[in-house]
Each structure stands twice: as structure tokens, then as C-alpha cells.
Amino acid sequence: MSQAAEATLLVRALRREPVERKPVWFMRQAGRSLPEYRELREGAPMLEMCRTPDLCAEVTLQPVRRHGVDAAIFFSDIVTPLEGIGIDVEIQSGVGPVIAEPFRSEADLARLRPLEPDADLPEIAEAIRIVTAELGDTPLIGFAGAPFTLASYLVEGRPSKSQEMARTMLLEEPGLFRNLLERLADIAVASLRSQVEAGVQAVQVFDSWAGSLSEATYREAVLPVSQRLFAEIEDLGVPRIHFAVNAGHLMEAMAEAGSDAMGVDWRTPLSEARRRLGEGVALQGNLDPTVPLAGPEVLERETRNLLADAPERGHVFNLGHGVLPSTDPGMLTELVGLVHEITEKRN
Ligand code: CP3
């Protein structure tokens, strides 16, 4: 990693080093809250955009230009690598990923061959190179879907509230489900390794739907696989963030997977997360994504409250989940300025 990359606020905060002011970025900052995104997106299927390096690069850069956030997140989706190995998947607007032939039995394992990023998804590394050249000193975050979350899409075939089919398979055919998770971990590792080689300076693993599991089931069926995933990217030397929604009950267990930082959703106060997880892990989060919808006074009050409750060291400011599409982008620009102003004063 270059000297410049070592020095970014994001990377230092994720390593729990002192920073002049707190870094801030937003999950889903590239996307439907931005009119310039909606304009580009018109007519182009989402996964086709993910295969077009110039478009990906442009959408990744849009929120950085507009809001002055301290990191870009690469514009793609957690199902892109599945498409890369030939799974028939489509992202339907307002719905999410839809799999043409859901994963139902042992025979389906054959469809989950290893990902070869250079051959299967050369557009991603190309887009990352364009973005990092344009970003200058602003770091780029890469990402992957965690095995359980990708498995739940494959088994359910579409977004599902409580992942009933996936959780049933986990109980009824634990060996098959474990195989599925192991293959998806291999795919995530291959994807993340190639993203880092192409220039991303931190990575986030999204286990968005892990919260539907009990702690005991998570620990038995999912944790060992996620632990392997994080261990197999440790040598890359970039900070690793682990995130789930509605998973306060899993916080300690998920932290045992071995990331450098935990993304916290807005339901758990950061002071509670710090108390439960200790000093050894950085925290990212966790403003309720509806706060920017509620007006400037609420935004300032809630941001101040959150920062007063957040650890001084090892905190990256973010929302507790993705930017809601109806968010006024002006409020996000405002929020970036607020976080910078408030945290600069304290240092
Ligand atoms: O700005 C960014 O965060 C970078 C890009 C990004 C997208 N998806 C773009 C996207 C990232 C990091 C993701 C991750 C992702 N994708 C997750 C994990 C994060 C989370 O929200 O918990 C999940 C579960 C998915 C699967 C997925 N893709 C869903 C549920 C949806 C939403 C469906 C909808 O339209 O509301 C998508 C589509 C998607 N991914 C869009 C974007 C910008 C919307 C596409 C559009 O209609 O323009």
C-alpha cells in the first residue's frame, strides 16, 4: 500500500489511530438519492451498468464530488460475482436481486464454480483503476456479500423478509447448506482479493440478512465460514469492515469473525457497541437513515447526540444502513459538513 493510502482518515480511523477529524461516508451514497445517478441509470439494467467501467466509475465518483465524503464505495452489487460465474440473476428496480433458477439441491452446487475475477469480471478491476486515478487522495472501499446473505438470495430466489427457505435448508440439510456457504466464501475472497489488487483501500463485507438467525445458529452454521473469509483476506493489509442490519443480538458473535471494524445499525447505541465489543475493534455508523428526511434541526440534534455517544478513537461516521432513495441529497452534504465541523473542534 502506498504512503498516501496509509495516511487517509478512513484507514487510520478503521485502525483506531488518532485522526484530525472523523471520516464520514454513507452506505448507498451512490444511487437513487442522486438525480445525476437517476439520469445515467435510465434505461440501463443495473447489472449491465456494473459491467460498464466508465459508468461504474462515474457513479462511484458522483457522491464524492457532490458531498465531499471521505471515502467512495465502489458502485456494484453483492450479486455481481454470481452473475460473473454464470448465475442468471437480475436486479429488479424496487425489488432487488431475482435469481431465475433458485438453489434447491445438491445438484445446484455444480452451478457455483469458483470465481476467476480476471476472466469473469475484468470490468471491475478496470473500473477500480479508473476510479482510483480520479479520486486522488480519497480512498475507495470495495465490498462483497457475506456467504449467508448471498446464500439467502440464491435459495429464496428473491429478497425475502425472514429468509424462511434458507433457514429451513440450513436446518434440514446442514451439510449442503455448509457447502453452499463455503463456495460463496471462496467467491467473496476471490472478488475481494482482486478488488484490493486493483486499488481499493478498505473492504466491507455485507451480511445484511444474518440478523434473521439466532445467535446459536449463527455461531454454529455461519461464523466458522465468515471467520475463514476474513482470515483469507487478512494478508492484504487493508482494513476489513463487517456489517449486518437488525443484528444487535449477534454483535459479539459477528465480531468474532475477525474484522477490523464492525458496522452498527441505528438500533444499537455506539456506546453500547463499544461496551460489548471492547476497544479492539473500530465502529462504523450509525445515524438512523430517516434522520436526513426529518429536516435540518433534527439532523443537527441527532448528529450531535450520536457523536457525543460515539467513541473518540476508532469511529467512522455513517448511516445505520443505506441512504433511502427519497433522501434530499442536500441534507447529506449538510451532514458531511456537520460531522467535519463538530469533530474537528474536539481534536
Ligand atoms: O452506494 C453504494 O453503497 C455502492 C453500491 C451498492 C449497491 N448495492 C448498489 C445498488 C452496494 C454496496 C450494494 C450492496 C447490496 N446489494 C446489499 C448490501 C447492503 C444492504 O443494503 O444491506 C444488498 C442486500 C444488495 C442487494 C440489492 N441490490 C438490493 C436489496 C437492492 C435494492 C432494490 C431496490 O431497488 O430498492 C439492490 C439494487 C441496487 N444496488 C441499487 C443500487 C444503487 C438500486 C438500483 C436501481 O434501481 O437503480
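The values are calculated or read from the model by the stated rules, or taken from the named source; none is laboratory data. All values reported here derive from a predicted model rather than from experimental measurement. Glycine gets a Cβ as well: all are built from the backbone with ideal geometry, and neighbour counts include every protein chain shown. Just the protein is used for accessible areas: all its heavy atoms, side chains included, with ligands, DNA and RNA removed. Shrake-Rupley method; radii C 1.70, N 1.55, O 1.52, S 1.80 Å.
Within the bounds of the range 71-83, is there any residue that is of a type in the set (S, T, N, Q), touching a Lys or Arg at 6+ places or on another chain (Cβ under 9 Å) and closer than 30 Å to R12 by Cβ? Yes; the residues of the range 71-83 include at least one that is of a type in the set (S, T, N, Q), touching a Lys or Arg at 6+ places or on another chain (Cβ under 9 Å) and closer than 30 Å to R12 by Cβ.
Screening the candidates F103, F74 for the property of being in contact (Cβ under 8 Å) with a residue 60 or more places away in the chain and over 30 Å from E215 (Cα atoms) yields one hit, F74.
Taking every residue in the range 17-33 that is more than 11 Å from V316 (Cβ to Cβ) and more than 14 Å from the ligand (Cβ to nearest atom) and pairing it with any residue that is of a type outside the set (F, W, Y) and open to solvent by less than 10 Å² (accessible area, probe 1.4 Å), at least 6 positions away or on another chain, the pairs with Cβ-Cβ distances below 6 Å are R21/T343.
Residues are listed down the side, and each one gets a yes or a no for (1) within 16 Å of the ligand (Cβ to nearest atom); (2) β-branched (V, I, T); (3) open to solvent by less than 40 Å² (accessible area, probe 1.4 Å):
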| residue | (1), (2), (3) |
| --- | --- |
| D54 | no, no, no |
| V79 | yes, yes, yes |
| E83 | yes, no, no |
| Q92 | yes, no, no |
| A107 | no, no, no |
| I124 | yes, yes, yes |
| I130 | yes, yes, no |
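Any residue in the range 321-333 that is farther than 21 Å from P269 by Cβ and without any contact (Cβ under 8 Å) to a residue 60 or more places away in the chain sitting within a Cβ distance under 8 Å of a residue that is open to solvent by less than 50 Å² (accessible area, probe 1.4 Å) and more than 16 Å from the ligand (Cβ to nearest atom)? List the pairs, counting only those 6 or more apart or interchain. From the range 321-333, the pairs are M331/L299.
Residue-by-condition table, conditions (1) open to solvent by 10 Å² or more (accessible area, probe 1.4 Å); (2) out of contact with any Leu (no Cβ under 8 Å at 6 or more places or on another chain); (3) on the phi < 0 side of the Ramachandran plot:
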position	(1), (2), (3)
L14	no, yes, yes
E20	yes, no, yes
Q29	no, no, yes
P35	yes, yes, yes
E42	yes, yes, yes
A57	no, yes, yes
Q62	no, no, yes
R66	yes, no, yes
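Residue by residue, here is whether (1) part of a loop (DSSP other than H, G, I, E, B); (2) surrounded by fewer than 23 Cβ atoms within 10 Å (Cβ to Cβ); (3) under 18 Å from the mean Cα position of the chain (by Cα) holds:
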| residue | (1), (2), (3) |
| --- | --- |
| L283 | no, no, yes |
| P289 | yes, yes, yes |
| P292 | no, no, no |
| E297 | no, yes, no |
| T303 | no, yes, no |
| F317 | no, no, yes |
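The C-beta contact set for the range 126-151 (first residue of a type in the set (S, T, Y), second residue outside any helix (DSSP H, G or I) and within 12 Å of the ligand (Cβ to nearest atom), distance under 7 angstrom, 6+ apart or interchain) comprises T132/L140; T138/A71; T138/A72; T149/I78; T149/F206; T149/D207; T149/S208; T149/W209. All but one of (1) away from the ligand (no atom under 16 Å from the Cβ); (2) open to solvent by 50 Å² or more (accessible area, probe 1.4 Å); (3) not polar (S, T, N, Q) hold for K161; state the number of the condition that does not hold. Condition not satisfied by K161: (1). Of all the criteria given as (1) assigned to a helix (DSSP H, G or I); (2) in contact (Cβ under 8 Å) with a residue 24 or more places away in the chain, the one not satisfied by T168 is (2). Quick check, is V205 away from the ligand (no atom under 14 Å from the Cβ) and either of a type in the set (D, E) or open to solvent by less than 10 Å² (accessible area, probe 1.4 Å) (or both)? When the stated conditions are applied, V205 does not pass them. If you go through the range 214-227 and keep only what is open to solvent by 60 Å² or more (accessible area, probe 1.4 Å) and either under 19 Å from A190 (Cα atoms) or of a type in the set (D, E, K, R) (or both), you end up with E215, R219, E220, Q227.
All conditions but one from (1) within 16 Å of the ligand (Cβ to nearest atom); (2) in contact with a helix residue (DSSP H, G or I) (Cβ under 9 Å, 6 or more places away or on another chain) apply to E256; the one that does not is (1). For the range 111-128, check the following and say yes or no: at least one residue is part of a helix (DSSP H, G or I) and within 17 Å of the chain's Cα centre (by Cα). Within the range 111-128 (the criterion being part of a helix (DSSP H, G or I) and within 17 Å of the chain's Cα centre (by Cα)), the answer is yes, since at least one residue qualifies.
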